[in-house]
């Protein structure tokens, strides 16, 4: 049976929309106090009100976690406000597709900075607090969830650097899992397939048109579907570690 998160604290990055927003609300519904980090403060403030409607506390953290100092500060500010950190969801990410030949290296850098480096720095800052939480009540276990993608399993043309970042997250997550599992810090990798979020809209128009055409006849996942999976992971008993969940729309073949 799923356990509640009463008395625990969660931090969600990339929380101003999509999977991050839905996850913050799901964790709040399970009883966690939630810190939400992103660049768009207005959206975070609106989300915080929804979080508080569940009878828990919310902390708004306006930050650009591609900056190392910001990636560290979202963790330190969460702990300073709530006194602990039990759950981290590394959700912030960007998907900029296109051919490798003739690519804009600035797009590559943007993906590596957010999808990889920001995740690394948030995780590094969070680990001592997660270990401490895992050794104390109320649950004596802590969770680090990294959001990857089916692109972390299947490489495709026009997706080379995005694939690189998501394959890398998978390798990092498994290595870290082996390092901290004896300390009851559970590391989970969540790999969504095609999901209705703002990721597509971050691309150039011709790429947007191509992606939408590719999935035009498919019922895509909703952000809440992924949030439900994350809530499932973190509400398992201490003895249960769900290390990887791959979630595709029923109609998605790869």
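The values are calculated or read from the model by the stated rules, or taken from the named source; none is laboratory data. Source: prediction; values computed, not measured. With ideal geometry, Cβ positions are generated from the backbone for all residues, glycine too; neighbour counts draw on all protein chains shown.
Within region 181-202, how many residues turn out to be in a helix (DSSP H, G or I), closer than 18 Å to residue 131 by Cα and in contact with a helix residue (DSSP H, G or I) (Cβ under 7 Å, 6 or more places away or on another chain)? Can you show your working first?
First, the residues of region 181-202 that are in a helix (DSSP H, G or I): 181-183, 200-202.
Checking which are closer than 18 Å to residue 131 by Cα leaves us with 181-183.
Filter again for in contact with a helix residue (DSSP H, G or I) (Cβ under 7 Å, 6 or more places away or on another chain), leaving 183.
Looking only at that region, the number is 1.
Name the single residue that is farthest from residue 95 (Cα to Cα) among those in region 11-33 being touching a strand residue (DSSP E or B) at 6+ places or on another chain (Cβ under 6 Å) and part of a helix (DSSP H, G or I).
Across region 11-33, the extreme among qualifying residues is 28.
Determine if region 220-229 includes at least one residue that is part of a loop (DSSP other than H, G, I, E, B) and surrounded by fewer than 21 Cβ atoms within 10 Å (Cβ to Cβ). Write out each step before concluding.
Taking region 220-229 first, the residues part of a loop (DSSP other than H, G, I, E, B) are 220.
So of that shortlist, the ones also surrounded by fewer than 21 Cβ atoms within 10 Å (Cβ to Cβ) come out as 220.
Yes; the residues of region 220-229 include at least one that is part of a loop (DSSP other than H, G, I, E, B) and surrounded by fewer than 21 Cβ atoms within 10 Å (Cβ to Cβ).
Go through (1) farther than 20 Å from residue 118 by Cβ; (2) surrounded by 15 or more Cβ atoms within 10 Å (Cβ to Cβ); (3) at pLDDT 95 or above; (4) within 17 Å of the chain's Cα centre (by Cα) and name the single condition residue 194 misses.
(3)
Output yes when any residue across region 2-10 is under 21 Å from residue 122 (Cα atoms) and outside any loop (DSSP other than H, G, I, E, B), and no when none is.
The initial filter retains those residues of region 2-10 that are under 21 Å from residue 122 (Cα atoms), namely 8-10.
After this cut, where a residue has to be outside any loop (DSSP other than H, G, I, E, B) as well, the list is 9-10.
Yes; the residues of region 2-10 include at least one that is under 21 Å from residue 122 (Cα atoms) and outside any loop (DSSP other than H, G, I, E, B).
Which of (1) in contact with a strand residue (DSSP E or B) (Cβ under 6 Å, 6 or more places away or on another chain); (2) assigned to a helix (DSSP H, G or I); (3) crowded, with 21+ Cβ neighbours inside 10 Å does residue 162 not meet, given it meets every other one?
Going through (1) in contact with a strand residue (DSSP E or B) (Cβ under 6 Å, 6 or more places away or on another chain); (2) assigned to a helix (DSSP H, G or I); (3) crowded, with 21+ Cβ neighbours inside 10 Å one by one, residue 162 breaks only (1).
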